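The structure appears below as structure tokens.
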Amino acid sequence: MKIVVIGGTGLIGSKLVSKLRGQGHEAVAAAPNTGVNTITGEGLAEALKGASVAVDVSNSPSWDDAAVLKFFETSTRNLLTYEAAAGVGHHVALSVVGTDRLSESGYFRAKIAQEKLIRDSSIPYSIVHATQFFEFVKGLADISMVGDKVHLPPVLFQPMAADDVASAVGRIAVGPPVNGTVEIGGPEQFRLDELVRRRLAALKDPREVIADPNATYSGAKISERTLVPGNNARLGETTFETWLAQSAGKTAAA
């Protein structure tokens, strides 16, 4: 089937396009650098022509509160409008485990708005709530600096490899719409501060990580289980140690 991947040249999108093509589907990588812009609508009608499924794994280029809200609202409205005109039968969107519990954060308020637009639309849909990616663990340290130290709440955390995210999204995309939310996560739970400490050590990054119960996550106060999926989550197979070894191998090869 023809599946259009919005954000198809990014971290998850490029992996997803490759996996879908490997399964024999016509997967179209739609992104501004391939001539498709969901903010202006440029190239959308052409890209969606004849598509059975549209998968949105795009992300806002700016995390400023107002900019991120405008991005997700404008992009999602345009997408849903063009999908309806093209007769797309399944809209799949990648979102985040705990989104509904993180409304103190401007980024997550934007994701909440995105999800509401999808649920209120006439198009059958599946919303995929993923836990954080291993690939972004260092980024969490970068946005959690207080002075020269990393301050993180010592809550439960169940991140997953981007490759497993792409595989899970791909399985959902080729299946029937669930008209609801599917949670996906990693195979292991950690303490957030502990895992960031391990990632920085592997990178030989000397920053000190402080377990701070008052620290926020992307601007939101969180509780023990905000970032972990429920019992029915579909879990990836790649452990953090396996991913670390693969990452080190890729770095050495490069």
Using the heavy atoms of the protein chains alone and a 1.4 angstrom probe, what is the accessible area of region 18-129 per residue in square angstrom? 44 Å²
Relative contact order as a percentage, the chain, C-alpha pairs under 8 Å and 6+ apart, gives 19 percent
Working out 0.36 nm times the residue gap between residue 156 and residue 67, then minus their Cα-Cα distance, what length gain in nm do you get to one decimal? 29.1 nm
Report the full-extension gain for the segment residue 122 to residue 21: residue separation times 0.36 nm, less the Cα-Cα distance, to one decimal in nm. 33.6 nm
If DNA, RNA and ligands are ignored and the probe is 1.4 Å, what is the ranking of 204, 138, 2 by accessible area, most exposed first? 204, 138, 2
Summarise the accessible area of region 168-254 (1.4 Å probe, protein heavy atoms) by the percent that is carbon and sulfur. 50 percent
Answer in debye to the nearest 20: the dipole magnitude of region 46-173 about its Cα centre, from +1 Lys/Arg and -1 Asp/Glu charges placed on Cβ, is 220 debye
With a 1.4 Å probe and every protein chain kept in, tell me what percent of the accessible surface of region 121-162 is carbon plus sulfur. 61 percent
Skipping prolines and chain starts, which residues have an amide H placed within reach, meaning under 5 Å, of the one on residue 26, given they are 5 or more residues away or on another chain? 2, 3
Any chance you could tell me what percent of the C-alpha pair distances in region 117-254 go past 27 Å? 28 percent
Could you rank 91, 151 by how accessible they are, 1.4 Å probe, largest area first? 151, 91
Work out the charge dipole of the chain with +1 on the Cβ of Lys and Arg and -1 on the Cβ of Asp and Glu about the Cα centre, then indicate which of 202, 102, 22 is farthest towards its positive end. 22
Treating only the Cβ of Lys, Arg, Asp and Glu as charged (+1, +1, -1, -1), what charge dipole size does the chain show about its Cα centre? Round to the nearest 20 debye. 260 debye
Only Lys, Arg, Asp and Glu count, each charged at its Cβ (+1, +1, -1, -1), so figure out the dipole size of region 183-254 about its Cα centre, rounded to 20 debye. 160 debye
Residue 100: accessible area at probe 1.4 Å, nearest 10 Å²? 110 Å²
Residues meeting the amide H criterion for residue 212 (H placed from the backbone, H to H distance under 5 Å, 5 or more places apart or on another chain) are 152
Identify which of the listed values of Cα extents along the principal axes in Å was calculated from the structure shown: (1) 52, 40, 35; (2) 55, 42, 32; (3) 45, 45, 41. (1)
Would you mind checking which residues have amide H under 5 Å from residue 238's amide H? H placed 1.01 Å from N; only 5 or more apart, or other chain. 161
For region 165-254, the per residue accessible area (1.4 Å probe, Å²) is 54 Å²
DSSP beta bridge pairing in region 145-229, given as percent antiparallel to the nearest 5: 60 percent
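The values are calculated or read from the model by the stated rules, or taken from the named source; none is laboratory data. Not measured: the values here are computed from a predicted model. Backbone-built Cβ (ideal geometry, glycine too); neighbour counts: all protein chains shown. The area values use the complete protein model at the heavy-atom level, side chains included, leaving out ligands, DNA and RNA. Shrake-Rupley method; radii C 1.70, N 1.55, O 1.52, S 1.80 Å.
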